[in-house]
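Before any comments, here is the structure.
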Amino acid sequence: MTSTITDIYFTHRTYFSGWILLGAITFLLLYNVRKRIPASSIGTSRHWFNLHLVVGILSLFIFLFHIQFRIPQGGLESILAGLFLTISFSGIIGIFISRNFAQRLHARGNEVIFEQIHGLREDMAKQADEIALGSVENLHSSIFLDFFSENLRLFFQNQ
């Protein structure tokens with residue numbers, strides 16, 4: 001029995017690469033789960049992101065090995081290959097975007113969780129109000145306060 005399983009896995013590489021690919025895709029999906037856990041003892045989001053990148057790129061090569069570097073012949077195979085390649089290339093574009101716009105993404109110096117954005121925006125609105133009111137005393141002019149009232153206050157209030 002053992003030699004039969006070994007023969008299947010190593011004689012038919014597509015079975016073996018298919019199972020490895022399934023495991024890799026499952027791991028890639030776990031990153032989405034990790035992002036939804038605000039404070040996790042299973043690592044930072046940054047480490048998970050880096051693992052996601054490495055496993056994602058490796059998955060593309062495993063996929064190419066799985067299809068034996070050929071264009072799929074069947075309809076279902078073509079659809080699945082097209083979906084996989086589309087998702088892979090969107091990930092590559094995502095890598096490009098995240099690497100080129102890293103200054104904006106990491107300007108705060110820590111993770112910003114979606115659920116915390118409302119509170120952060122309220123804090124920013126309070127700080128902006130204080131600065132605008134303080135500008136009248138510091139600058140002895142209401143120009144900044146007028147500009148803030150006419151243009152920026154609505155932005156901070158539309159939560």
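The values are calculated or read from the model by the stated rules, or taken from the named source; none is laboratory data. Owing to the predicted nature of the structure, the values given are computational and were not obtained by experimental measurement. Here Cβ is always computed from backbone atoms with ideal geometry, including for glycine, and neighbour counts include all displayed protein chains.
Can you pull out every residue in region 62-82 that is surrounded by fewer than 11 Cβ atoms within 10 Å (Cβ to Cβ) and in a helix (DSSP H, G or I)? Reasoning before the result, please.
Start the filter on region 62-82 by keeping residues that are surrounded by fewer than 11 Cβ atoms within 10 Å (Cβ to Cβ), which leaves 68-71, 73-76.
If the condition is that a residue be surrounded by fewer than 11 Cβ atoms within 10 Å (Cβ to Cβ) and in a helix (DSSP H, G or I), then Gly75, Leu76 are the ones that fit.
Table: residues versus (1) within 25 Å of Ile95 (Cβ to Cβ); (2) out of contact with any Leu (no Cβ under 8 Å at 6 or more places or on another chain); (3) at pLDDT 90 or above.
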| site | (1), (2), (3) |
| --- | --- |
| Asp7 | no, yes, no |
| Ile20 | yes, yes, yes |
| Leu28 | yes, yes, yes |
| Tyr31 | yes, no, no |
| Arg34 | yes, yes, no |
| Ser41 | no, yes, no |
| Gln73 | no, yes, yes |
| Ser78 | no, yes, yes |
Options Leu152, Leu58: the member that is part of a helix (DSSP H, G or I) and at pLDDT below 85: Leu152
